[in-house]
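One structure is given here, and the rest of the page talks about it.
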Amino acid sequence: MVGSAAGAEVTSDDAALVGRLRSGDEDAFDEVVAGMYPAMIAVARGYVRTRSVAEEVVQEAWLGVLRGLERFEGRSTLRVWVLQIVANIARKRAVGESRSLPFSSFALETDEPAVEPERFRGPDDPYPGGWRSFPSNWQTQPEAQLLARETLDVVDRAIDELPETQRIVITLRDVTGCLPAEVSEALGISEGNQRVLLHRARARVRATLERHFDD
Amino acid sequence: MTDSTRVEHGYSCKEVVELATEYLEGAMSSEQMTRFELHLNLCDGCFGFLEQVRTTAAMAGALSEEQLPGEMKTTLLAAFREWKRE
């Protein structure tokens, strides 16, 4: 995927790619449009109501990218810059739809334990905060079962049901393979908050998988 | 729990599960990491939990990514050609 190996620092690959785009190289454009699509649609879908509006946002973002390409200075990676444009356009659409913006009302003060507190021993126990019973060992699940269509569907649905901010972060990080710094820069959140959201998202998906395997 | 008992006993399982992502992301101080790994070496429950989190992330990575719709590809390529002419 385009840019997936790049850090948040601009690489020479990035500069070469921008050079090819500026010179009108259609293969480079095709490659970058397809490669960045999953991350772009993930960002857009966090802000707007429907898939079709999210697709419009992505399309509009590319027109914005083309308009700004001559002025792109490489202060961030191409991918971060593109995702920031997506987020800006999506924010405007969300305001138009009178939706609250996912990362503006973004607060982490609500406590959301990764594992239900009842799974741990109480304060009067000789092992306070220890597991009452251990989580099952997934290493014994045959790999074929872990990657079976049915199991992946469980993961897919669990991600779909996450709160928006968690869904965007886990999709960008784990599904499309963006780097932590790329995600926090593109969404305008701190790396620490990005990590909290990733943690909560993975914890919820893990809990869903645990129920699926234990049934 | 006071700080001295923390140093002596390290993290509880309940604390370890909340630190799993910090650990996997390499965002811990070396002192935290030592304590975390010490717990992990002694606790099958937390070791198993961490493996589950790793597996969860890997499974998310195995999901098929959204594909660029063909129609959008055509529209964007046309826009690119027009941009090139300008």
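So here's what we get for this one:
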item: GNM result for chain A, Cα springs below 10 Å: residue of A:Gly24, A:Gly64, A:Gly35 fluctuating most strongly; result: A:Gly24
item: For B:His39, A:His212, order by how many other beta-carbon atoms lie within 10 Å, fewest first; result: A:His212, B:His39
item: Inter-label distance for A:Asp111 and B:Thr55, nm, one decimal - labels placed 7 Å from Cα along Cα-to-Cβ; result: 2.9
item: Estimated D of chain B in µm² per second, where Rh is the Kirkwood radius over Cα pairs and Stokes-Einstein applies at 25 °C, 0.890 mPa s; result: 148
item: Mean projected area (nm²) of the alpha-carbon convex hull when the protein assembly as shown is viewed from all directions; result: 17.9
item: Separation in nanometres of the label points that stand 7 Å from Cα toward Cβ, at A:Glu70 and B:Arg85; result: 1.7
item: Residues of segment A:27-49 with amide N under 16 Å of the 7 Å Cα→Cβ point at A:Glu161; result: none
item: Gaussian network model of chain A, Cα within-10 Å springs - most flexible of A:Ala114, A:Ala148, A:Ala94; result: A:Ala148
item: Among A:Pro135, A:Pro38, A:Pro126: highest mean-square fluctuation, GNM of chain A, C-alpha pairs under 10 Å; result: A:Pro126
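Values in this text are rule-based calculations from the coordinates and carry no lab data. Computed from a predicted structure; not experimentally measured. Please note: Cβ atoms are built from the backbone with ideal geometry, for glycine as well, and neighbour counts cover all protein chains shown.
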